[in-house]
């Protein structure tokens, strides 16, 4: 586990943000990719078997929320938001579903 501080993301009304998560098959070492300096790409990998997968990302923020990198809990984020006169978002969001086929070469 990696620990770090997170300033979070602050949006203006009607603002938006997006994130890209790059995950590699575990058989590919980070040094063998074009993303050598990409911390997330080197950190995350999936052990895949050949087949078809439906993939999506989902995030829920509620009273039980815990951020594993910063170790912030909902109450901590609520306090930080209040200090910045910001509103802490709570709810769930889910990305579009992608259908992916993985085949060994």
Per residue and in Å³, how big is the convex hull formed by the alpha-carbon atoms of the stretch 24-102?
145 Å³
If R0 = 25 Å, then residue 49 and residue 19, at their Cβ-Cβ distance, give a FRET efficiency to the nearest 0.05 of 0.40
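Give me 28, 49 ranked fewest to most by other Cβ atoms within 10 Å of their Cβ, as a rough exposure proxy.
49, 28
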Return the distance in nm (one decimal) between the two label points of a simple spin-label model at residue 87 and residue 11, each offset 7 Å from Cα along Cα→Cβ.
1.2 nm
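FYI, it's all coordinate maths here, none of it is from the lab. This is a predicted model, so every value here is computed, not measured. Cβ coordinates were reconstructed from backbone atoms using ideal geometry, including for glycine residues, and neighbour counts include every protein chain displayed.
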